[in-house]
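Enquirer: Can you keep this structure in mind? I'll have questions shortly.
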Amino acid sequence: MFAVELKKMLLRPRTWVIIALLAGLPVLVAVLLRVTGIGPRPGEGPAFLAQVLGNGALFPAAALALILPIFLPIAVSVVAGESIAGENSLGTLRYLLVLPVGRTKLLIAKLMTVTVFVFMAVFIVAVVAYVVGASLFGIKPLPGVSGAAIAAEDATWRTVVTVIYVAVSMLGVAAAALLFSTFTDSPLAAVFGALAVLVTSQVLDLLEAGRAVHPYLLTHYWLAFIDLFRFPVLWRDVVRGFLLQGVYIALLLGAAWANFTTKDITS
Amino acid sequence: MTSVVSTRALTKRYGSVAAVDGVDLDIQEGDLFALLGPNGSGKSTTFRMLLGLVYATSGEIQLLGHSMPSAASRTLPHVGSLIEGPAFYPHHSGRANLTLLDASSGNGRRTRRARVREALERVRLDAGRLPYRAYSTGMKQRLGLAAALLRPRRLLILDEPTNGLDPSGTREMRDLLLQLQRSGTTILVSSHLLTEIELICTRAAILSEGRLVAQSKVQDLLSTSQSVIVVTHDIADAINAVGSIPGVSVLEQTPDGLVLDLNGAEASEVNASLVSAGVGVREFSLKRERLEDVFLRLTGA
């Protein structure tokens, strides 16, 4: 079942358009920086972007930081929110279920497919950003956020962990979208539900008044991967981010499963 | 005879409204069984409960001898279905859609192409690479049926299979259903084309507002008819004469006679009474009821 779902996702032009758009934004930014030579002042603007002009090795991390707050979660919400609700609105869901494909099995196949999409998207953006960064700005040993230089092989594993961290961060959003996807037969409504969670979390995270709930917000630790480029690595928030996403994923998927396996399919 | 579908007090409530209310269906192996009823009478909800898509509020369902929906993984591979119209991925061709469905159901990979080709031939659909969204209504319906026939089935549950088909398509569908029934497939079908049903179905049940109002052989449904047609010039005399026969009443007056409700009286005696009262009876015949008449009478539509 997973193989079929994966095939459906990979064969859809939409999948590749979304990934192309995600990778396109950092490319656009890189070209602009290169042409104008005007970067954000150090300590301002999106993470790492100030350093990128001098060193392309940081561009994968910079590219992920660019798409992380809004662009990437929207893309993930669209794919995950559509997964069940889309089949439901087309009517194909009922024919899948009477094949029969067990509801739990279908949900797991959809989840795995969305997970593959997330990792694929993040990985492709990182690779494209590396190539663009290397060709436009050149690769040097990383200066690191704390100033000390980071060796090239050191940069590689930090970037790999970053890719994994960003992808896992997106799985929380994906789980939320999947949950809403089991509630409605309108894919747009499911996507909106996930975005509502996202925006709420980000707004609360900005409010001083919401301080008490900050450590529990879905998006709170998203940018903690910046700490991976400190010397030495500051693991505390990264580990918390992983754990928090794990809890969100478990809760949201549990709710999605409970709803999907007990609901009437009337479309 | 083994029971293929059997429900006991099957009920589905949405809030205080009962969409299906205490239905006891009994479909035997080899039946070509029609589930009839006006729109909104609960046919589709019943089908969906049989297939495990909608969960019953109460009651029991036995499908192929197993309890549904708990035995879905064991029974549904033997059940082909068409529920409220076909549904496929619009950007894929019919063939690609069937191939995906076949893969999802875990059928053997090596024989997949042959299976898909056979199913398409069976419903006479040859649309090449045309995407599903460009199909006509009739083609979509055929593809839906092809999906139901992707593998050998013991039971077919077909909700309005003739929907959107032209007269020749309807006829082909009728022939296909009869052919399937002869090869041993039990078929449960719903349709508003009552003439078609009357032609091919062995048994039928009628739902009205969620309740089962009839269930028997189609012939038996039709022979519950209790009216006669009297052709005569002496309509006024005939009406007088009928008034003196206990129980019998005039249902309808036509330009050349009357339609009488026998209400249990023996037809030959009624005829004799009319003749002895001096009515010139030119023709006296039992009115053969159409399934449509039974349907309209029982559903109060």
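Enquirer: More than 14 Å from chain B (Cβ to nearest Cβ), part of a helix (DSSP H, G or I) and in contact with a Leu (Cβ under 7 Å, 6 or more places away or on another chain): which single residue out of A:ALA75, A:ALA20, A:ALA63, A:ALA50 fits that description?
Expert: Step by step, each of A:ALA75, A:ALA20, A:ALA63, A:ALA50 is checked, and only A:ALA75 is more than 14 Å from chain B (Cβ to nearest Cβ), part of a helix (DSSP H, G or I) and in contact with a Leu (Cβ under 7 Å, 6 or more places away or on another chain).
Enquirer: I would also like to ask the following. Select the helices (runs of 4 or more DSSP H) contained entirely in region B:136-200, then report the ones holding at least 2 residues which are under 14 Å from the mean Cα position of the chain (by Cα).
Expert: Passing ranges, in order: B:167-182, B:194-200.
Enquirer: Another question, if that's okay. Which residue out of A:VAL238, A:VAL197, A:VAL160 is in a helix (DSSP H, G or I), surrounded by 13 or more Cβ atoms within 10 Å (Cβ to Cβ) and in contact (Cβ under 8 Å) with a residue 60 or more places away in the chain?
Expert: None of the others qualify; the one that does is A:VAL238.
Enquirer: Only residues that are among the charged types (D, E, K, R) and either farther than 21 Å from A:VAL98 by Cα or within 14 Å of chain A (Cβ to nearest Cβ) (or both): list them for region B:133-146, please.
Expert: Passing the criteria: B:ARG133, B:LYS140.
Enquirer: Next question, about the same structure. Within region B:96-132, take every residue that is among the basic types (Lys, Arg) and more than 14 Å from every other protein chain (Cβ to nearest Cβ) and give me the one that is nearest to A:ARG14 (Cα to Cα).
Expert: B:ARG129
Enquirer: In addition: Condition check: crowded, with 17+ Cβ neighbours inside 10 Å and within 8 Å of chain A (Cβ to nearest Cβ). Does B:ALA72 satisfy that?
Expert: yes
Enquirer: For the list (1) more than 14 Å from chain B (Cβ to nearest Cβ); (2) on the phi < 0 side of the Ramachandran plot, I need the number of the one condition that A:THR92 fails.
Expert: (1)
Enquirer: Right, next: For B:THR299, only one of the following conditions fails: (1) touching a Pro at 6+ places or on another chain (Cβ under 7 Å); (2) farther than 30 Å from B:PRO38 by Cβ. What is its number?
Expert: Going through (1) touching a Pro at 6+ places or on another chain (Cβ under 7 Å); (2) farther than 30 Å from B:PRO38 by Cβ one by one, B:THR299 breaks only (2).
Enquirer: Follow-up question, since we're still on this one. Inside region B:104-121, can you point out the residues that are at pLDDT 90 or above and surrounded by 16 or more Cβ atoms within 10 Å (Cβ to Cβ)?
Expert: B:SER104, B:ARG115, B:VAL116, B:ALA119, B:LEU120
Enquirer: Further question on the same structure: Can you tell me which residues in region B:234-269 are closer than 19 Å to B:GLU289 by Cα and assigned to a helix (DSSP H, G or I)?
Expert: B:ALA267, B:SER268
Enquirer: To continue, here is another question. If the Cβ limit is 7 Å and pairs must be 6+ apart or interchain, which residue in region A:46-59 that is touching a residue at least 40 places away in the same chain (Cβ under 8 Å) pairs with which residue that is assigned to a helix (DSSP H, G or I) and of a type in the set (Ser, Thr, Tyr)?
Expert: From residues that are touching a residue at least 40 places away in the same chain (Cβ under 8 Å), the pairs are A:PHE59/A:TYR130.
Enquirer: Among the numbered conditions (1) touching a residue at least 12 places away in the same chain (Cβ under 8 Å); (2) closer than 27 Å to B:ARG174 by Cα; (3) of a type in the set (A, V, I, L, M), tell me where B:ALA72 comes up short.
Expert: Status for B:ALA72: all satisfied but (2).
Enquirer: Might you let me know whether region A:172-190 holds any residue that is farther than 27 Å from A:VAL101 by Cβ and either in contact with a strand residue (DSSP E or B) (Cβ under 8 Å, 6 or more places away or on another chain) or not charged (D, E, K, R) (or both)?
Expert: No, that holds for no residue.
The values are calculated or read from the model by the stated rules, or taken from the named source; none is laboratory data. These numbers come from a predicted model, not from an experiment. Glycine also receives a Cβ, built like all others from the backbone with ideal geometry; neighbour counts cover every protein chain displayed.
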